[in-house]
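First up is the structure itself, then whatever we jot down about it.
Read-outs: derived from the displayed coordinates by stated rules, not from any lab. Bear in mind that the values here come from a model prediction, so they are computed numbers and not experimental data. Reconstructed Cβ throughout: ideal geometry from the backbone, glycine too, with neighbour counts over all protein chains shown.
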């Protein structure tokens with residue numbers, strides 16, 4: 001999920017050195033959250049209690065909440081100027097985070113996709129950003145909610161992966177034969193599902209979301225069926241319509257191996273990218289037409305976020321790559337000792 005800290009936010013006089021956040025693993029096996037400057041230089045490093053995943057950025061304060069990778073239960077509130085942890089969130093018993101979250105545009109509420117495995121349902125945890133107290137929860141209308149974004153009207157778009165897991169059985173998927181993924185739109189005030197868009201292939205699990213300024217949602221999917229029958233793993237959606245899959249030519253599509261690890265629009269909104277760490281490639285499409293533009297080979301690539309008018313990609317081998325708005329690489333940087341995890345989060349547009 002992309003976040004963007006408003007330049008005129010509270011505390012805006014405190015200059016951010018970082019433009020992006022990423023979780024990483026060190027050679028020691030320890031885990032860190034890293035703030036990256038626009039050129040990829042390290043702005044700060046914060047030790048994590050366990051493996052991290054993604055983060056939610058506060059729109060009015062220089063703060064973000066970094067989440068544990070599922071089935072983790074911690075969230076750390078991070079001061080984006082100093083790089084220090086200033087608060088810690090913990091899920092209730094019988095619930096774990098899914099690695100993502102979003103903060104409302106007014107800065108008042110944090111919404112966290114969660115697996116309520118004790119009651120076998122998906123929920124959004126609701127937290128008060130004034131003091132980071134948990135104040136409620138909202139059913140997502142499906143199982144395995146993984147990512148969430150807030151739309152301009154306050155409606156929440158949630159990727160229900162459709163898969164039920166229980167931490168007692170590690171990451172085993174317990175309902176593949178009956179899974180029902182979907183992109184759900186929720187009214188956070190009423191706690192109701194307004195609309196759901198489901199993929200034609202029921203074993204295509206919706207996982208990650210990105211949103212363009214005009215409200216177009218991009219979804220990254222992961223195929224849980226027979227490999228030879230893998231459908232497109234990137235789709236676009238506008239409310240009131242159907243999911244629109246975007247696929248590369250056949251040979252390139254096969255290289256994704258039915259797995260999209262992250263999704264992002266370019267900074268100017270013209271491109272949409274899906275990454276596949278399993279395939280070691282990123283695919284770029286023209287967002288308006290759905291036309292396939294390019295395949296970028298990058299071993300273990302997964303992280304993707306807007307950067308300038310283009311994109312920033314990261315991988316588990318320790319490399320960062322910048323892609324221009326024309327889909328061509330403009331720069332790269334090695335970050336020795338940092339194996340980047342699944343996601344990058346933009347802090348400043």
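Brief remarks on what is shown
- With 0.36 nm allotted per residue and the present C-alpha distance subtracted, the residue 238-residue 251 stretch has 1.8 nm of extension available.
- Residues of region 18-56 with amide N under 18 Å of the 7 Å Cα→Cβ point at residue 332: 39-41
- The listed peptides 180-189, 36-45, ordered by packing as a protection proxy, come out as 180-189, 36-45 (highest mean of other Cβ atoms within 10 Å first).
- For region 106-142 and region 149-210, distance of Cα centres in Å: 14
- Overall form of region 1-156 per C-alpha gyration tensor (a/c, 1.5; a/b vs b/c): oblate
- Share of alpha-carbon pairs per 10 Å distance bin for region 138-205, given as whole %: 22, 47, 25, 5
- Over region 20-346, relative contact order from alpha-carbon pairs under 8 Å, at least 6 apart, %: 11
- Over the chain: helical MRE at 222 nm, DSSP H runs n ≥ 4 each giving -39500 (n - 2.57), nearest 500: -500 deg cm²/dmol
- Cα-based shape type of region 89-204, given that a ≥ b ≥ c are square roots of the gyration tensor eigenvalues and the cut on a/c is 1.5: oblate
- Packing-based ranking, highest mean first, of 129-140, 159-170 given that Cβ atoms within 10 Å are counted: 159-170, 129-140
- Computed over region 208-273, the range of Cα coordinates on each principal axis works out to 35, 24, 19 Å, biggest value leading.
- Once the Kirkwood radius over Cα pairs is known for region 74-119, the Stokes-Einstein relation at 20 °C and 1.002 mPa s delivers a diffusion coefficient of 178 µm²/s.
- Of all the options 250, 195, 90, the one that moves most in a Gaussian network model of the chain with Cα springs shorter than 10 angstrom is 250.
- FRET E, pair residue 317, residue 88, Förster distance 35 Å, beta-carbon r, rounded to 0.05: 0.70
- q = 0.13 Å⁻¹, region 226-349: log10 I(q)/I(0) [Debye, one scatterer per Cα]: -0.48
- Rule-of-thumb Rg ratio for region 292-349 [Cα; 2.2 N^0.38 Å; N residues]: 1.07
- Rg/Rh for the chain stands at 0.93; both radii use Cα atoms, and Rh follows the Kirkwood definition.
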